Every structure is written in structure tokens, then in C-alpha cells.
Amino acid sequence: MTLRDENLDRLDGGSFDVLIVGGGINGAVSAAALAARGISVAVVDRGDFASFTSQESSNLVWGGFKYLENYELPLVWKLCTSRNELMKAYPTSITETRFLATLDETAPFPAPLAGLGTVGYWLIGRFATKPPKYYRPAKIEKAEPVVNTETAKGGVEYSDAYLRDNDARFVWSFVRSALDSGAAVANYTSVTKAERNGDTWTVSMTDEETGRTLAASAKAIVNAAGPFVDGLNEDWKIETDHRIVYSKGIHLIVPKLIDTERVLAFFDDTGRLFYVIPMAHRSVIGTTDTRTDNPAEGVLDEDREFLLEQINARLDLDEPLTKADIISERCGVRPLVVKNDGDDKETTDWTSLSRKHEMEIDRPRKVVTIFGGKLTDCLNVGEEVAEALEELGIEGGEPRPDWFGEPSEDERERFYAKAAGAGLGRAPAIERGESMAEVLWRRHGMASFRLLEMIADDPAQGESVLNESDLLRGELTLMAEREMIVRPDDFLRRRTKLALVTQRDDLGADPGMAEVNEAFGF
């Protein structure tokens, strides 16, 4: 019986303190935070975990530098605090990186003012990163010769952080933490009906893979459905003070554009920030910011053309980027929070809306709704959900101290030493400046020791299973056992970033895909 089947059996007929609907970052971190307190938790998602907005981010863990433009100082303080905590808790997964922002006539403020802003940002961030620098155009060109400085007025370099692996795998780490703390968890499980009967919710669900119907009960529900929270609240007749509007952002993944690990930042022709972000041996260009009413709209030709036009104008490339250079695409619909008062003033200048989150509690019906949010703020969301449920009479104990973050430095060094002895001190195929041991530790943490045992028994388990990838054969077994991989994109797009950095046709033609398909039953 698979891990998912075991959890479906636990769900069916189960009685829980809390049912969480939605397995993106908000639902995953809430499940981990609650289960770590000994609260009985179930979490379901009608797709895979992180299969919507949470898999489409810029992979940045940042304090919200651009929010200084609107003087949202408390929000920037809060996000910087979260960024610092995440960098400390995930020292190999979330790392400081330098941002080099080139300012030209499209920038909404002069370069010297931006320089002052970076100093203020560093101060708000409590000096947790390297100090900022001011660049004249000639210095920008020397630091990054690929940048077109013809119209540059100056530049600034400052620090934030980014996820070395993909955002969806970071979300999975919280799902795995919830499982380890006893939560019942299932992907591809949709809620078809939820009714309040006395002091209990009765919830009907469907396994989207088999059509099996399930039923469970819960004292309270957490609505963590991201862009779809309003629809669920309407179904459940929950009235709220806030609602969601949608902002669509796309990214294009292309061949590596620069040799350094910096993030390059520019202002596009509309005055919005966009970036060139490293991702293994590729570069990510984005993001756009387009108002939409359709959370599933996807990438349009005009989106691609806009980003390619913007980057070609700002980089001195040997050949301009074209659609043929696009390896993969990301399209995320950000759920932005506005007041639900019928007044559309807040959405008139909707591009100024921040990625803050709001939380509302329906006390009579015991429903907590999470509006908005972002990866950087995730730990705050988990803590606030626990506090909200405490207000509803659902109180746990002190949380397990390891409900988030990586294992200890001692364990990490112990793994590195053993991995070196197993021949894993070698460089991986696609990551830069790391050893294979470091990549495995980031991906699997303490479960990496199990992989070493497998390699000791069979050295072939330590070989790469796909061309131009850092995925080892033994990882297939480990992930099949521990990670609820049901469909190909769960593996290729979310538990790994293979489909982000490799053309789909190349993946399909790789002989190693036969082993992948066999391991996961695709």
C-alpha cells in the first residue's frame, strides 16, 4: 500500500480537530504548524501539493524592497524578519544572493534615491545581509558586461535570498513535516460538500484518481485555497471583510545569460521590476504583472513577446532571445487582498497592491480563511493559524522545535563526511559550485542517510538516472516511498525542477525516463 493510500484510508471516516483545504504554501505550513502542536489535522488538495500559485513564484525569499516605494514600512519589517528567520533555518536551501538593479529612464525614482533606499532596506533588515553598494554605469558594465548601460543612470546592489531548489519542493517540505507529526494528507482529493452539523463539519471528498468517495468530520476548517478561497466561502455561506483579485505573473526559463550567481534587476517600460534569476544552469526572466479575472489563463503570446522585448533591450546578447530559446514557462496568478466592501477604489491602482496576507475567523461556524500571502511570509501564516484556532477553542501544546528548518549542522557535516566516502563529493551535472552531497542534503535532509545505505548495497543507486541531471537512481525509490508522487508532473515539475530546466521533448527522449515511469507507476 502506498503512502497516499494509507492516508486516504485515514481520511475516510476520520474525525479531526482541523481540516485544511488547499495544499499550497499556506495550507502546507498551516498543517505543519498545527500537527507539530499535537492538533489532529487533515489536509487535502484537489490537485498536487503546490500545483497552482505556489509552483509559479520567482523562487525569491525577499523582504519586499519594492514596497518601500509605497512606504509600507511595517510590511517590509515583517517580511525582512521572516526572510532572516528562513535563511537561518534553511542555511543550504535558502541562501543570500546579490541583486544588481540597473536604473534608467523607466525607473520610477532616480538612482541616488534608490541607493538611499537600499541603505534603509539593509537597516530594516537588521544588517543580516551584506551591505548595499551604489554603482555608476561604468561600474555596472565592469561587474556584469552583459548589461546594456547606454541609458543607465546608475545602479544599486543589495542582498536578499532565493531558493536554490524550486518553490514547490519547499512547500513539500512542510507537507512532509506535517506527515511526520501525524497529519493525514492527500493530494488529488477534492472537497465535494461540507456541511456544519451542530459543532462539527461533515465533509465529503472524492479521490480524483479512482473516483472513490470519502467522508470525514472536523471541528474546524481552514480555507487555504489561495486564488479559490472566495468560491469556497461562497459555497459554505461564509461572509468575509476581504476578497481576492488576481495578478498574473509569468516567467520564461532560457539558457544561462550570465556567468555569476547575481540576480539582475531592471524596470520594464511600465515601471515595474523584473529580474534575471539563476536556476541551476539556466536563467529565469520575469515577472510580469497583469490584471486578470481568470486564475487559469496561462501564458499568452503577448506575455512572451513583452518579456523578450524587455530583456533584449537591456542586455547586450550575442543574439537576441527569441521564442525558440524558451525552455519552459511559469505562469502564476497571485491572489491579492482587497476589502470586500463593494468599493473598487483599492483595485484602481491594483499594481501597487502588496503580497500581504489577511486572516479572518468565522467564530460561529469555526472557519479560518487565509487571504493572499507569499512564500517569504509562510512561518507567520502557520503561527497565526495556530493562534486563530486557539481562539476557536482548538489548542495544542508547545510545537516541536523541528517542525520547520533543516536538521542540525552536526548532522549535515556527518552526512557530508559519509557521502564523500561514497563518492558523492563530486560535482553534480547541473548545479554550480556545489557537491552532489550538498544537493542531496538539500533535497532529502535526514532521509539522505537512507540513500547512502542503498548506494552501499548497490553502487548503481549512486549513478545519475537521467542525462544532464543530478538525480540519482536511488532517489527514485526514496521519493516513491516518501513523496506521494502520482502523476508525471508531480515528479518532473514539483518534487524536482527537471521540467523547468530541460525541454520536455528532451526529457521524453531520455532513456532514463523508462526507469522513472517504472518507479512511480506512470
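The values are calculated or read from the model by the stated rules, or taken from the named source; none is laboratory data. Just so you know, these numbers come straight off a predicted model, no measurement behind them. A quick note on method: Cβ atoms are made from the backbone with ideal geometry, for glycine too, and the neighbour counts reach across all protein chains shown.
Considering (1) aliphatic (A, V, I, L, M); (2) under 25 Å from Trp62 (Cβ atoms); (3) without any contact (Cβ under 8 Å) to a residue 12 or more places away in the chain, the lone condition that Ile430 does not fulfil carries the number (3). Taken as a whole, the condition of being without any contact (Cβ under 8 Å) to a residue 40 or more places away in the chain and either at positive phi or touching a helix residue (DSSP H, G or I) at 6+ places or on another chain (Cβ under 8 Å) (or both) applies to Gly198. Condition check for Ser448 on (1) of a type outside the set (A, V, I, L, M); (2) under 24 Å from Ile20 (Cα atoms); (3) buried (at least 20 other Cβ atoms within 10 Å of the Cβ): one failure, at (2). Only residues that are buried (at least 20 other Cβ atoms within 10 Å of the Cβ), touching a residue at least 40 places away in the same chain (Cβ under 8 Å) and not β-branched (Val, Ile, Thr) were counted across region 453-468, and they come to 2. Answer yes or no as to whether Glu468 is modelled with pLDDT under 95, over 25 Å from Arg504 (Cα atoms) and in the same structural domain as Glu515 (by TED's automatic domain parsing). Answer is no for this residue. The set of residues from region 479-507 being closer than 23 Å to Asp325 by Cβ and in a loop (DSSP other than H, G, I, E, B) comprises Thr496, Lys497, Thr502, Gln503. For Thr477, indicate whether it is crowded, with 21+ Cβ neighbours inside 10 Å and among the β-branched types (Val, Ile, Thr). Here the answer is no, as Thr477 does not meet what is asked.
Of all the numbered requirements in (1) touching a Ser or Thr at 6+ places or on another chain (Cβ under 8 Å); (2) assigned to a strand (DSSP E or B), Val229 misses one, and that requirement is (2).
Within 30 Å of Glu209 (Cβ to Cβ) and in a helix (DSSP H, G or I), is that true of Leu440? In short, yes.
Could you tell me whether Arg426 is over 27 Å from the mean Cα position of the chain (by Cα), over 24 Å from Arg176 (Cβ atoms) and assigned to a loop (DSSP other than H, G, I, E, B)? When the stated conditions are applied, Arg426 passes them. Within the span defined as region 243-256, every residue fails to be touching a Pro at 6+ places or on another chain (Cβ under 9 Å), in contact (Cβ under 8 Å) with a residue 40 or more places away in the chain and outside any strand (DSSP E or B). For Leu476, the conditions (1) more than 12 Å from Phe520 (Cβ to Cβ); (2) part of a helix (DSSP H, G or I); (3) hydrophobic (A, V, I, L, M, F, W, C) all hold with the exception of (1). For region 301-321, the set of residues classified as closer than 21 Å to Pro145 by Cα and surrounded by fewer than 17 Cβ atoms within 10 Å (Cβ to Cβ) consists of Glu309, Asn312, Ala313, Asp316, Leu317, Asp318, Glu319, Pro320, listed by residue number. Per the conditions (1) over 18 Å from Gly286 (Cα atoms); (2) outside the structural domain of Phe16 (by TED's automatic domain parsing), the sole criterion not satisfied by Gly47 is (2).
Please work out which residue is farthest from Ala33 (Cα to Cα), limiting yourself to region 185-218 and to residues that are surrounded by 14 or more Cβ atoms within 10 Å (Cβ to Cβ), within 29 Å of the chain's Cα centre (by Cα) and among the β-branched types (Val, Ile, Thr). The qualifying residue farthest from Ala33 (Cα to Cα) is Thr206.
Is it true that Val44 is within 16 Å of Thr202 (Cα to Cα), buried (at least 24 other Cβ atoms within 10 Å of the Cβ) and under 26 Å from the mean Cα position of the chain (by Cα)?
On the way: within 16 Å of Thr202 (Cα to Cα): yes; buried (at least 24 other Cβ atoms within 10 Å of the Cβ): yes; under 26 Å from the mean Cα position of the chain (by Cα): yes.
Taking the combined requirement at face value, the residue satisfies it.
Taking the numbered list (1) touching an Asp or Glu at 6+ places or on another chain (Cβ under 7 Å); (2) under 27 Å from Glu413 (Cβ atoms); (3) among the acidic types (Asp, Glu) in turn, Asp490 passes all entries but (2). Within region 508-522, restricting attention to residues that are surrounded by 14 or more Cβ atoms within 10 Å (Cβ to Cβ) and part of a helix (DSSP H, G or I), the residue that is farthest from the chain's Cα centre (by Cα) is Glu515. Restricting to region 265-281, name every residue that is of a type in the set (A, V, I, L, M, F, W, C), touching a residue at least 60 places away in the same chain (Cβ under 8 Å) and more than 18 Å from Pro110 (Cα to Cα). Listed by number, the residues that qualify are Ile277, Met279, Ala280.
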